[in-house]
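**Student:** First the structure, which I've put down as structure tokens, then a few questions once you've had a look.
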Amino acid sequence: MAPVTRRTSFPKVVIERDSDSEQSSSDDDEQEQEEEILEDEENGVIENAKIEKLEVGFDANRKGKTPITLTLRKVCKVCKKPGHEAGHTTLNCPHRVTTEHGVVPAPRRKTSKPLEYVFERQLRHAIPAIKPKYVIPDQVNCAVIRYHSRRVTTLEFHPTKNNILLSGDKKGQLGVWDFEKVYEKVVYSNIHSCIVNNMRFNPTNDCMVYSASSDGTVSCTDLETGISSSPMNLNPDGWQGPNTWKMLYGMDINYERGVVLVADSFGFLHLVDMRSNHRNGDAVLIHKKGSKVTGIHCNPIQPDILLTCGNDHYARIWDMRRLEAGSSLCSLEHKRVVNSAYFSPISGNKILTTSQDNRLRIWDSIFGNMESPSREIVHSHDFNRHLTPFKAEWDPKDPSESLAVVGRYISENFNGTALHPIDFIDTSTGQLVAEVLDPNITTISPVNKLHPRDDILATGSSRSLFIWKPKEKCEPIEEKDERKIVVCDKAEKKRGKRKGDNSDESDDDGFISKLKKPKLKQTEWKLSRCSKKG
DNA sequence: AATCAATGTACCC
DNA sequence: TGGGTACCCTTGAT
């Protein structure tokens, strides 16, 4: 249904006259582009070009008027050119992530601010002059398929237990998975009633985890028992309609003050005291009234310095010691909604934001010129209401504070199969360092988290979770590959049992599924398979 | 194979 | 500022 109606409603109408005098230079450009694309199409390079020409029914000979050609074209939301669209299989978008493409370079300013000078002097020794070689976790090591009952919305690694991954979903479930033991997993269903947007471990008790949800509550859950309390509930009177229902999105912990900071869908910031587990102080308006605050991050060096971002197209820096409406230290303007904003993980001196205008923005120094970003990197991570918003995140282990990971919306056509890779981007240059993909991951992967200590990537893609490790740390490829994949769906489980696949390795919740044979030849894949540990 | 539902953002008035 | 609605175009279920 949708594709048919869309086709008639979507194309932009451009009227081109075949008269010499009326052609502007921009028309020229457009015509040139179009000719190029048509040529490509003849060569069979472009699969997705959708250009239609309609001769409008004017009589060309009558009164000597030139015929009008209407060109209906779909244009890419990223680069505004026809022939491909963000979100669709394409090979020819110049702004799909390619080396150095779509990077707006940093304007080299001489700011001469004393503060920046001092900071740079203090920090320079800590930042290595030669960039370390990036270690990319590019092989799926294990997975739980259909783990959650709805799509995964947030991930968090355990602060001390290296093998534990926490996951939240759209339904409000909270998953705890030991990905080394693969089969050891728990899903708590009674903590939230809808989307879990953010989770943070209690820094003084790593058994306890705080979670912020669109149900308007902050929950504090004991991971061993699953028992949870709600230190905050912004909808104590239940559903009174969409105008009053408050949702909680951004959340972080200021460990020095012992408070949880959480922000709602009406532009307000709230505090929860971790010792008493009760609300602390009044809510403060930190973004446009009535707009969603999508993220909060406390500076890793100075936790009183906050970074927030929201649907009002701004990211803002605040000082907790002077927190009141309108008192932000700095406002970073974006063209669209800002999905996330993070300080760099080590020095806390850089900022990385993800905006729905398909751009990553980097500010190289919070003490420098903040009027415009140091770089804008064009990258396909478009908004779609059915997907969890994409958030580019720093690699917490990269001493140069350059590497970031972000899922890609636009897909690559791998021999007829559309796959959406996960991108590793060097934010200092805009270079695509690596794209990782796997034949078993056919869905878009908007949620990604790099491990704070190990070379591990966790991915949430639809209802499934994947753990990636570097190729060299995986076992060599075997012909009869049986990967560590646990399928959690009940229907799948029954099917597996009927086939007699239920080996003694299986537990009550899942079984080992044989690796699906890729539809493509092995050579087509940049990444090969990783076998099960014996 | 076809259809449906769920549903966030932008923009108009 | 609030209501109305067009549009964004995925995924899993049936």
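The values are calculated or read from the model by the stated rules, or taken from the named source; none is laboratory data. Everything numeric here is computed off the predicted structure, so don't read it as measured data. Virtual Cβ from ideal backbone geometry, glycine too; neighbours counted across all protein chains shown.
**Student:** Say whether the condition of being crowded, with 20+ Cβ neighbours inside 10 Å and over 28 Å from A:Gln356 (Cβ atoms) is met by at least one residue in the stretch A:294-302.
**Tutor:** No, the stretch A:294-302 contains no residue that is crowded, with 20+ Cβ neighbours inside 10 Å and over 28 Å from A:Gln356 (Cβ atoms).
**Student:** Only one of (1) of a type in the set (S, T, N, Q); (2) buried (at least 20 other Cβ atoms within 10 Å of the Cβ); (3) farther than 23 Å from A:Ala315 by Cβ; (4) within 16 Å of DNA strand B (Cβ to nearest atom) is not met by A:Ser213, so which one is it?
**Tutor:** (3)
**Student:** Additional query: Determine which member of the set A:Gly290, A:Gly267 is over 27 Å from A:Asp398 (Cα atoms), within 16 Å of DNA strand C (Cβ to nearest atom) and in contact (Cβ under 8 Å) with a residue 40 or more places away in the chain. Before you say what the answer is, go through the steps one by one.
**Tutor:** On the way: A:Gly290 fails: in contact (Cβ under 8 Å) with a residue 40 or more places away in the chain.
Criteria check complete, one pass: A:Gly267.
**Student:** Checking the condition basic (Lys, Arg), free of Cβ contacts under 8 Å to residues at least 12 places away in the same chain and over 22 Å from A:Thr429 (Cα atoms), which residue from A:Arg336, A:Arg322 passes?
**Tutor:** On the way: A:Arg336 fails: free of Cβ contacts under 8 Å to residues at least 12 places away in the same chain.
After applying the criteria, what remains is A:Arg322.
**Student:** Mind listing just one residue for me: the one in the stretch A:215-237 that is of a type in the set (Val, Ile, Thr) and in contact (Cβ under 8 Å) with a residue 24 or more places away in the chain and, of those, farthest from A:Val262 (Cα to Cα)?
**Tutor:** A:Thr221
**Student:** Hey, among the residues in the stretch A:362-373 that are within 15 Å of A:Glu401 (Cβ to Cβ) and in contact with a Pro (Cβ under 8 Å, 6 or more places away or on another chain), which one's surrounded by the most Cβ atoms within 10 Å (Cβ to Cβ)?
**Tutor:** Among those that are within 15 Å of A:Glu401 (Cβ to Cβ) and in contact with a Pro (Cβ under 8 Å, 6 or more places away or on another chain), it is A:Trp363.
**Student:** Assigned to a helix (DSSP H, G or I) and either more than 24 Å from A:Met199 (Cα to Cα) or more than 16 Å from DNA strand C (Cβ to nearest atom) (or both): does that describe A:Arg361?
**Tutor:** When the stated conditions are applied, A:Arg361 does not pass them.
**Student:** Can you name every residue in the stretch A:412-448 that is in contact with a Leu (Cβ under 7 Å, 6 or more places away or on another chain), farther than 18 Å from A:Leu360 by Cα, more than 16 Å from DNA strand B (Cβ to nearest atom) and of a type in the set (S, T, N, Q)?
**Tutor:** A:Asn413, A:Asn415
**Student:** Please tell me if A:Asp455 is surrounded by fewer than 22 Cβ atoms within 10 Å (Cβ to Cβ), part of a loop (DSSP other than H, G, I, E, B) and charged (D, E, K, R).
**Tutor:** yes
**Student:** How many residues are more than 16 Å from DNA strand B (Cβ to nearest atom) and over 16 Å from A:Ile286 (Cβ atoms) if we restrict to the stretch A:302-342?
**Tutor:** Count: 3.
**Student:** Residue check: is A:Tyr147 in a loop (DSSP other than H, G, I, E, B), surrounded by fewer than 19 Cβ atoms within 10 Å (Cβ to Cβ) and not hydrophobic (A, V, I, L, M, F, W, C)?
**Tutor:** Details: in a loop (DSSP other than H, G, I, E, B): yes; surrounded by fewer than 19 Cβ atoms within 10 Å (Cβ to Cβ): no; not hydrophobic (A, V, I, L, M, F, W, C): yes.
Spelling it out, it is not the case that A:Tyr147 is in a loop (DSSP other than H, G, I, E, B), surrounded by fewer than 19 Cβ atoms within 10 Å (Cβ to Cβ) and not hydrophobic (A, V, I, L, M, F, W, C).
**Student:** Among the residues of the stretch A:274-293 satisfying the criterion of being out of contact with any Lys or Arg (no Cβ under 8 Å at 6 or more places or on another chain) and of a type in the set (A, V, I, L, M), which is surrounded by the fewest Cβ atoms within 10 Å (Cβ to Cβ)? If you could, list the steps in order and put the result at the bottom.
**Tutor:** The first filter runs over the stretch A:274-293 and keeps only residues out of contact with any Lys or Arg (no Cβ under 8 Å at 6 or more places or on another chain), leaving A:274-285, A:288-293.
Add one more test, that the residue is of a type in the set (A, V, I, L, M), and what stays is A:274, A:283-285, A:293.
Details: A:Met274: 23, A:Ala283: 18, A:Val284: 17, A:Leu285: 15, A:Val293: 29.
In this case the residue turns out to be A:Leu285.
**Student:** Further, regarding this structure: Taking the stretch A:167-184, which residues are within 16 Å of DNA strand B (Cβ to nearest atom), out of contact with any Gly (no Cβ under 8 Å at 6 or more places or on another chain) and within 16 Å of A:Thr459 (Cα to Cα)?
**Tutor:** A:Lys170
**Student:** Yes or no: the stretch A:185-197 includes at least one residue that is at pLDDT 95 or above, within 20 Å of A:His451 (Cβ to Cβ), surrounded by 19 or more Cβ atoms within 10 Å (Cβ to Cβ) and more than 16 Å from DNA strand B (Cβ to nearest atom).
**Tutor:** no
**Student:** Okay, moving on. Given (1) within 16 Å of DNA strand B (Cβ to nearest atom); (2) within 21 Å of A:Ser331 (Cα to Cα), where does A:Ile366 come up short, assuming only one miss?
**Tutor:** Every listed condition holds for A:Ile366 apart from (1).
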